[in-house]
Amino acid sequence: RPEHIDLDSCRLLVRLGKGGKDRVVWFSDDLRDLIERWLQRRPASEWLLSTRHQTQVNTRYLRELVKRKAMAAGISEADRVTPHTLRHTFATDLFRSERNILLVQRALGHSSITTTQIYTHLTDFEVERAMRGRE
């Protein structure tokens, strides 16, 4: 909902997200600018993103949208790309850039570090480089 967005601090309150948990996520200044423009022109609705009838967008529609965008982008095996795939990719990229599993755990809202470790996919090449002491 629009009231869950704080454009000044670039924060979004995710209500009842994965696992039924509330969490805060931060977004970039570029995304803030896009959200500001969308808020000015979106149809009147209680939802930030709504259907033509001003009802909440169905999660099935979002899954199909992600697949269509993956196909349009030429991603191999695009039919297997889901919103959850994007979550995995985000977690892996965050871990690669920050090298901090606790930060990834916090960003994903996990209570157990074991759950977070599932998301930190590293290639054999990266593991080999790390073990040989080459960055």
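The values are calculated or read from the model by the stated rules, or taken from the named source; none is laboratory data. This one's a predicted model, so the numbers in the text were calculated from it and none came from an experiment. When we count neighbours, we look across all protein chains shown, and the Cβ atoms used for this are built from the backbone with ideal geometry, even at glycine. Each accessible area value is taken on the protein alone, full model and side chains, heavy atoms only, with ligands, DNA and RNA left out. Shrake-Rupley method; radii C 1.70, N 1.55, O 1.52, S 1.80 Å.
Among what's in region 68-87 and is β-branched (Val, Ile, Thr) and part of a loop (DSSP other than H, G, I, E, B), pick the residue that is nearest to ALA107 (Cα to Cα).
Within region 68-87, the match that is nearest to ALA107 (Cα to Cα) is THR82.
Tell me whether region 91-107 contains one or more residues that are closer than 15 Å to LYS21 by Cβ, in contact (Cβ under 8 Å) with a residue 40 or more places away in the chain and surrounded by 11 or more Cβ atoms within 10 Å (Cβ to Cβ).
Yes: one or more hits.
Any idea how many residues of region 14-42 are without any contact (Cβ under 8 Å) to a residue 40 or more places away in the chain and open to solvent by 80 Å² or more (accessible area, probe 1.4 Å)?
9
Could you list, in sequence order, all residues of region 44-67 that are open to solvent by less than 100 Å² (accessible area, probe 1.4 Å), assigned to a helix (DSSP H, G or I) and more than 25 Å from ALA107 (Cβ to Cβ)?
The one that is open to solvent by less than 100 Å² (accessible area, probe 1.4 Å), assigned to a helix (DSSP H, G or I) and more than 25 Å from ALA107 (Cβ to Cβ): GLU64.
Among the residues of region 4-38, what is the count of those that are touching a strand residue (DSSP E or B) at 6+ places or on another chain (Cβ under 7 Å) and part of a strand (DSSP E or B)?
Count: 9.
Which residue out of SER97, SER45, SER76, SER111 is over 30 Å from ALA130 (Cα atoms) and of a type in the set (Ser, Thr, Tyr)?
Result: SER45 is the single residue among SER97, SER45, SER76, SER111 that is over 30 Å from ALA130 (Cα atoms) and of a type in the set (Ser, Thr, Tyr).
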